1. With respect to Leu57, is the statement that it is touching a Gly at 6+ places or on another chain (Cβ under 7 Å), open to solvent by 40 Å² or more (accessible area, probe 1.4 Å) and over 22 Å from Val135 (Cα atoms) true?
2. Check every one of the helices (runs of 4 or more DSSP H) wholly within segment 87-168 and list those with 2 or more residues that are of a type in the set (D, E, K, R).
3. Output the residue which, of all residues in segment 41-93 that are among the aliphatic types (A, V, I, L, M) and in contact with a Pro (Cβ under 6 Å, 6 or more places away or on another chain), is farthest from Asn9 (Cα to Cα).
4. Would you call Leu118 touching a helix residue (DSSP H, G or I) at 6+ places or on another chain (Cβ under 9 Å), at pLDDT below 95, of a type in the set (A, V, I, L, M) and within 21 Å of Leu57 (Cβ to Cβ)?
5. So which of Ile68, Ile20 ends up being out of contact with any Cys (no Cβ under 8 Å at 6 or more places or on another chain), touching a residue at least 60 places away in the same chain (Cβ under 8 Å) and among the aliphatic types (A, V, I, L, M)?
6. Could you please give the count of residues in segment 109-168 that are touching a residue at least 24 places away in the same chain (Cβ under 8 Å), closer than 22 Å to Glu23 by Cβ and not hydrophobic (A, V, I, L, M, F, W, C)?
7. Please go through segment 3-27 and pick out each residue that is open to solvent by less than 40 Å² (accessible area, probe 1.4 Å), assigned to a loop (DSSP other than H, G, I, E, B) and farther than 15 Å from Leu57 by Cβ.
Amino acid sequence: EHDKTPLENGLARFVGLENIESENFTVQGFGNIEEGTTFTKRFSKGDVLFGKRRAYLKKVAVADYDGICSTDILVFRVIEEKILPDLLPYYVSSDAFMNLAISTSAGSLSPRTKWRDLEGFRLSIPDIKTQEKIVGVMNLLSQSLHLIIQQKETLKKLKQKLLNEILG
């Protein structure tokens, strides 16, 4: 879905590939539409944004607001009767999906995959109760990973501080 007049339609933010980190489901910043953009692809809160340029970077994020985005981003929206919204980003970031996206990418300097190459991707969707259990486990794993990353950063800072004290 495209929106050529986003400001008039109440949208204020846009997302480019630089606002999506590898393997981090959170949008990391945004641009202001009123400052100018050529983007017109619309997304809604809860949609999954996938960076189709250089798919090997595994850029997947869940939108936490409505906005517009780069044409180098594919927007995925769940059919709520079939799949839980919290499960979709895990499917999009799965090895099977990423391998397909990478293998169908074309171009030497800036390889991109296309929707028509990805739309045939088939996945097994369990019943809603099973999906809830899967999401619970995945969320616990994500929280643990986040804590480990924080610990790593704290240890790096501590190491540098100790080196400065010892050597300086």
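1. So Leu57 fits the description; yes.
2. Result: 115-118, 128-167.
3. Per the criteria, the residue is Val60.
4. Numbers: touching a helix residue (DSSP H, G or I) at 6+ places or on another chain (Cβ under 9 Å): yes; at pLDDT below 95: yes; of a type in the set (A, V, I, L, M): yes; within 21 Å of Leu57 (Cβ to Cβ): yes.
Answer is yes for this residue.
5. Numbers: Ile20 fails: touching a residue at least 60 places away in the same chain (Cβ under 8 Å).
That would be Ile68, the only listed residue that is out of contact with any Cys (no Cβ under 8 Å at 6 or more places or on another chain), touching a residue at least 60 places away in the same chain (Cβ under 8 Å) and among the aliphatic types (A, V, I, L, M).
6. 7
7. Of everything in segment 3-27, those that are open to solvent by less than 40 Å² (accessible area, probe 1.4 Å), assigned to a loop (DSSP other than H, G, I, E, B) and farther than 15 Å from Leu57 by Cβ turn out to be Asp3, Pro6, Leu11.
Per-residue answers, yes or no, for (1) assigned to a helix (DSSP H, G or I); (2) over 27 Å from Pro126 (Cα atoms); (3) open to solvent by less than 20 Å² (accessible area, probe 1.4 Å):
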| residue | (1), (2), (3) |
| --- | --- |
| Gly29 | no, yes, no |
| Phe39 | no, yes, no |
| Phe50 | no, no, yes |
| Ala61 | no, no, yes |
| Asp64 | no, no, no |
| Ile68 | no, yes, yes |
| Glu80 | no, no, no |
| Ile83 | no, no, yes |
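The values are calculated or read from the model by the stated rules, or taken from the named source; none is laboratory data. Given the structure is predicted, the values throughout are model-derived calculations rather than measurements. In this analysis, Cβ positions are derived from the backbone assuming ideal geometry, glycine residues included, and neighbour counts consider all displayed protein chains. The protein model used for the area step is the full one, side chains on, heavy atoms only, and it has no ligands, DNA or RNA in it. Shrake-Rupley method; radii C 1.70, N 1.55, O 1.52, S 1.80 Å.
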